[in-house]
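Here's the structure, in structure tokens; my notes come after.
The values are calculated or read from the model by the stated rules, or taken from the named source; none is laboratory data. Please read all numbers here as calculations on a predicted model, not as lab measurements. Cβ sites come from the backbone with ideal geometry, for glycine too, and all protein chains shown count toward neighbours.
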Amino acid sequence: MAYPESYTYELIPLAELSIHELVSDELRLIISSLSYSVDSETALSSAALELFLYAHPVIAVRRKNKTVACVGGIRSLIIASNRLSEDKKIPVLVVDIPASEIEDFATFETFVSNICYGNSDKSGKFGLFKVWEMLTSEMKNSISPETKSKTKVAKLLGINRKSLYKKPQKLNKNLDKNTQKSSKFETDQ
């Protein structure tokens, strides 16, 4: 996976943003189900949320028809769309990524961001493990020596490797329960 070589930093109205159609429904479901130590959708003021968006902008590509589609910072876009008006302009890092690499980029960014931000919820850690499984071997190797094997990733996430084989039903129940919160970004539009 190549990293974007060029980018622009733009303020774009929320109404003009969507999640790229090449981001899989599975990844969208996992992202929308992850829980964090603070519910940023209700705990932060609009001013604090705007500051967060400047520090952690949405990452998007510009399509041939000039529309903009999110390929990274998807959680930031979901939070912003649920809290801010559609005419509100938010910071967006517009990058050039080939269509063939969009899903890999979105998966890689989701995993790395959540490792850096931390995800204290147990079901969230299993969700991150599921995202790790979606990464290619090359991506796993490029993140860290700590992300090359199931055992090391389980240790990094603070979960028992043996429990990874017992949790699929629990993870699926949590995904179903957490995604009942409606968002316009849950599935393709």
Going through region 140-183 in order, the residues found to be surrounded by 15 or more Cβ atoms within 10 Å (Cβ to Cβ), at pLDDT 50 or above and part of a loop (DSSP other than H, G, I, E, B) are Ile159, Ser183
The number of residues in region 73-90 that are under 16 Å from the mean Cα position of the chain (by Cα) and at negative phi is 9
Screening Ala60, Ala80 for residues that are modelled with pLDDT of 75 or more, in a helix (DSSP H, G or I) and either touching a strand residue (DSSP E or B) at 6+ places or on another chain (Cβ under 6 Å) or surrounded by 18 or more Cβ atoms within 10 Å (Cβ to Cβ) (or both) leaves only Ala80
Picking from Glu133, Glu86, the residue that is touching a residue at least 60 places away in the same chain (Cβ under 8 Å), of a type in the set (D, E, K, R) and either closer than 23 Å to Phe52 by Cα or assigned to a helix (DSSP H, G or I) (or both) would be Glu86
When region 71-94 is checked residue by residue, the ones that are in contact with a Phe, Trp or Tyr (Cβ under 7 Å, 6 or more places away or on another chain), under 14 Å from Ile12 (Cα atoms) and not polar (S, T, N, Q) are Leu77, Pro91, Leu93, Val94
Criterion first (in a helix (DSSP H, G or I) and either more than 21 Å from Asp25 (Cβ to Cβ) or modelled with pLDDT of 90 or more (or both)) does Cys70 satisfy it? no
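Each row is one residue, and each column tells you yes or no for (1) under 21 Å from Lys148 (Cβ atoms); (2) in contact with an Asp or Glu (Cβ under 9 Å, 6 or more places away or on another chain); (3) not aromatic (Phe, Trp, Tyr).
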{"position": "Thr67", "(1), (2), (3)": "no, yes, yes"}
{"position": "Gly72", "(1), (2), (3)": "no, yes, yes"}
{"position": "Lys88", "(1), (2), (3)": "no, yes, yes"}
{"position": "Glu109", "(1), (2), (3)": "yes, no, yes"}
{"position": "Val112", "(1), (2), (3)": "yes, no, yes"}
{"position": "Gly127", "(1), (2), (3)": "yes, yes, yes"}
Report task. Say whether the condition of being loosely packed, with under 15 Cβ neighbours inside 10 Å, in contact with a Pro (Cβ under 9 Å, 6 or more places away or on another chain) and at pLDDT below 85 is met by at least one residue in region 2-13. Result -> yes
Checked region 123-145 for anything farther than 15 Å from Phe108 by Cα, of a type outside the set (Ser, Thr, Tyr) and touching a helix residue (DSSP H, G or I) at 6+ places or on another chain (Cβ under 6 Å); matches are Lys125, Phe126
Just one listed residue, out of Ile115, Ile97, is surrounded by 17 or more Cβ atoms within 10 Å (Cβ to Cβ) and either touching a strand residue (DSSP E or B) at 6+ places or on another chain (Cβ under 7 Å) or part of a loop (DSSP other than H, G, I, E, B) (or both), and it is Ile97
By residue number, the members of region 63-74 that are within 16 Å of Ala106 (Cβ to Cβ) and surrounded by fewer than 21 Cβ atoms within 10 Å (Cβ to Cβ) are Arg63, Val68, Ala69
Of (1) at pLDDT 85 or above; (2) more than 17 Å from Ser6 (Cα to Cα); (3) in contact with a helix residue (DSSP H, G or I) (Cβ under 8 Å, 6 or more places away or on another chain), Ala55 fails just (3)
